[in-house]
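Each reported figure results from applying straightforward, stated rules to the coordinates on display, with no laboratory input. Predicted model, so just to flag it, every value in this text is computed and none were measured. Quick reminder, even Gly has a Cβ in these numbers, built from the backbone with ideal geometry, and neighbours come from all protein chains shown.
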Amino acid sequence: MKLTSRRTVLSSVAAAAVGLPLISDLAGTSSTAAAATAAEFPSNTALYSSTAYQEGTHWMRRFRTHPRTELFDNVSAASDPVRSTAIIAPHGGGIEAGTSELCLTLAGYSRVGAGTDPVAEPGVPQRDYWMFEGLASSSALHVTSTHCDDPAALAVCGNNLYAVSLHGFAPDDDALAKRILIGGRDQRLIRNLAWAFDKHGLDSGLGVTVVVAGVDAELNGDDPTNIVNRTRTGAGAQLEISTELRRAMFGDFSGAAARRATAGAGAAAPFWNGFVGAVREAMDKHERGLDSL
């Protein structure tokens, strides 16, 4: 008799709740992180100690935390939970392009280049964020999320109940596919994200395939040491976004400045607005203790 783990059941429930496919143990091996195969450093500490790659020249870190009292903005009642979802992009900049811009936007800040202080967007809730950015397109700067030991990243995630991480991946079976792979340990947040992507028409209206990762699927993000799961609840949600979907969110995907200027411009608007709107609504729902199930 084959035993089924509780996590397998929960992943199946998350997918079934909104009619999404579930990546099985076998199917999950068909995708790889955009830069993982060339990862060079075993930890952020090792990278930061390197003489070959220097902060400010080859890479940057950006983060922001808020006193908990500030996080009551836009919450309807004092009895509601504070906005306590961190947004992180462990491989931003030129490593997994587009994740930096998404990170700042989802955190409620202006999209500005590395070295410039982002400005809070009016009328949008602000959340804590952290991102590591390659200032050039170098996969050698990729540190696997389970090996992330950046002190600021640990503080940002550890100061929040929940977290959402943004990643890029390349589907091995179809390089042109527009896909979102939802993983992590927070099954309720996974369900809320899957529900929100469906509500905002990413799959039915825009042809984006949204998939919930199975328990043993590659890139499922459920390792407890994954930085997105280092929250106060010990769980978060990981969003793997295919290269072609990230490309579709920008009018010009060629470089950081071009991406900042053209996020959601023209034909990119439905993809950008749909993704951002869905993640924001899922986080709002989750922070209020609601479940799409």
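Of note:
- For residue 168, residues with placed amide H under 5 Å, excluding near neighbours: 34, 241
- Taking amide H as placed 1.01 Å from N in the peptide plane, residue 91 has its amide H under 5 Å from the amide H of 132, each at least 5 places away in sequence or on another chain.
- The simple spin-label model puts a point 7 Å past each Cα toward its Cβ; for residue 252 and residue 175 those points are separated by 2.4 nm.
- Nitroxide proxy distance, nm - points 7 Å out along Cα→Cβ at residue 120 and residue 43: 3.5 nm
- Taken one residue at a time, the phi angles of the stretch 269-276 give Karplus couplings (6.51, -1.76, 1.60, θ = phi - 60°) of 4, x, 6, 5, 5, x, 5, 4 Hz. Gly and Pro are set to x.
- Annotation: amide H-H contacts under 5 Å for residue 210 (H modelled 1.01 Å from N, sequence separation of 5 or more, or interchain): 180.
- Across the stretch 174-185, coupling constants 3J(HN,Hα) worked out from phi with the 6.51/-1.76/1.60 Karplus curve, θ = phi - 60°, read 7, 5, 9, 6, 9, 9, 10, 10, 9, x, x, 9 Hz, and Gly and Pro carry x.
- Peptide ranges 183-191, 111-119, 196-204, 220-228 listed from the most packed, as the mean C-beta count within 10 angstrom indicates: 183-191, 220-228, 196-204, 111-119
- Residue-wise HN-Hα couplings along the stretch 246-259, as the Karplus relation 6.51 cos²θ - 1.76 cosθ + 1.60 with θ = phi - 60° gives them from phi, are 4, 4, 5, 7, 10, x, 9, 9, 6, x, 4, 4, 5, 5 Hz; Gly and Pro carry x.
- Zone of residue 273's modelled label, taken as backbone nitrogen in the stretch 97-111 under 17 Å from a point 7 Å along Cα→Cβ: 106
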